[in-house]
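Data block below; observations after.
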Amino acid sequence: MSTAQHLAVIDLLRSREFPAEHGRSECGSEGPGYHIAELLTSDTFWEDDGSRRDIVEEQYEAERDGLTVLLGDRWGPPQRFSLASLFERTMDAALGAVDEGEAEEIPEPWAQLSSSVPDLHLWHVDGRWIALGVAQWDKELPFQLLAMVTEIDPP
């Protein structure tokens with residue numbers, strides 16, 4: 001997919017209504033209050049010694065950064081939003097580290113993103129959050145360049 005196609009997908013998601021149920025779309029995943037588009041997906045790294053993985057990670061970050069520049073021309077510079085503490089809070093709640101009466105529920109899409117994306121480039125435009133991030137679920141699994149549009153505020 002080209003940069004122009006990435007921008008077209010982001011614009012499509014910004015204009016699209018949010019679904020009532022969680023599910024898949026032609027772009028990725030979606031649910032009440034959010035859309036996540038999988039703009040690019042790499043190959044896996046099962047047979048890699050780590051060198052190809054590092055190169056692909058740099059390429060995906062460069063793709064994200066290039067889109068960030070173009071979106072920054074539209075909406076100004078993004079916030080850099082770390083999801084590390086959100087991931088810890090999600091894990092604490094899932095593992096019961098917090099008393100049941102005090103368990104924090106992290107809303108989607110934030111819980112989903114925090115499990116695979118270390119940080120986001122984030123804008124708030126016309127009442128919606130737009131974000132770009134590079135995801136990887138585990139070192140052998142593919143990288144993904146993700147775009148997210150949501151009306152749900154970051155927790």
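The values are calculated or read from the model by the stated rules, or taken from the named source; none is laboratory data. Owing to the predicted nature of the structure, the values given are computational and were not obtained by experimental measurement. Cβ atoms come from the backbone with ideal geometry, glycine included; neighbour counts cover every protein chain shown. Ligands, DNA and RNA are excluded from the accessible area calculation, which covers all protein heavy atoms including side chains. Shrake-Rupley method; radii C 1.70, N 1.55, O 1.52, S 1.80 Å.
Restricted to segment 1-58, and to residues there that are among the polar types (S, T, N, Q), in a helix (DSSP H, G or I) and within 22 Å of residue 124 (Cα to Cα), the residue that is modelled with the lowest pLDDT is 3.
Among the residues of segment 110-139, write down those that are in a loop (DSSP other than H, G, I, E, B) and more than 12 Å from residue 83 (Cα to Cα). Once the filter is applied, which keeps residues that are in a loop (DSSP other than H, G, I, E, B) and more than 12 Å from residue 83 (Cα to Cα), segment 110-139 yields 126, 127, 137, 138, 139. Output the qualifying pairs, or none if there are none: Cβ atoms under 9 angstrom, residues six or more apart or on different chains, first residue in segment 2-27 and at negative phi and open to solvent by 70 Å² or more (accessible area, probe 1.4 Å), second residue among the hydroxyl-bearing types (Ser, Thr, Tyr) and not in a loop (DSSP other than H, G, I, E, B). Pairs found: 22/29. When residue 93 is tested against the conditions (1) open to solvent by less than 40 Å² (accessible area, probe 1.4 Å); (2) aliphatic (A, V, I, L, M); (3) at pLDDT 95 or above, the lone failure is (3).
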